[in-house]
1. If I go through the range 49-107 residue by residue, how many of them are more than 19 Å from Glu36 (Cβ to Cβ), assigned to a helix (DSSP H, G or I), among the charged types (D, E, K, R) and in contact (Cβ under 8 Å) with a residue 24 or more places away in the chain?
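The values are calculated or read from the model by the stated rules, or taken from the named source; none is laboratory data. Note that the structure is predicted; figures quoted are calculated from it, not measured. In this analysis, Cβ positions are derived from the backbone assuming ideal geometry, glycine residues included, and neighbour counts consider all displayed protein chains.
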Amino acid sequence: MRIASLALLTLALVGCPKQMDTRVAGSDDDQLTTYEARLEELRTRGSAGELSCSDQCTLSTQTCEVAEGLCGVVERHPERTDLPQRCARARESCAEETDGCTRCRAR
């Protein structure tokens, strides 16, 4: 009887559905950090020296792609009030780099 009770208890514990935290904020926060680090890298590369017009426009494209990826993560979490300004900063970086590309092409 004791073995049967122990087996039943084990089966109940193993067979019960687990309560899992389905939020992805941890991985999204990691993704945001990665995007922001990439934006900083691109900013540094842009301010490090004279870039050719082609390089400036490539940098602009890359910056805007990263900014949109970051903003996509932000949009998945409308309840988080700490995120919209991060998206705004990323889009400002995109606009600045796009302006640089446009000025370069206008010369």
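1. Result for the range 49-107: 1.
A quick yes/no check of all residues on (1) surrounded by fewer than 18 Cβ atoms within 10 Å (Cβ to Cβ); (2) under 13 Å from the mean Cα position of the chain (by Cα); (3) modelled with pLDDT of 95 or more; (4) among the β-branched types (Val, Ile, Thr):
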position: Gly46; (1), (2), (3), (4): no, no, no, no
position: Leu59; (1), (2), (3), (4): no, no, yes, no
position: Glu68; (1), (2), (3), (4): yes, yes, yes, no
position: Val74; (1), (2), (3), (4): no, yes, yes, yes
position: Arg80; (1), (2), (3), (4): yes, no, no, no
position: Ala90; (1), (2), (3), (4): no, yes, yes, no
position: Cys94; (1), (2), (3), (4): no, no, yes, no
position: Gly100; (1), (2), (3), (4): no, no, no, no
position: Ala106; (1), (2), (3), (4): yes, no, no, no
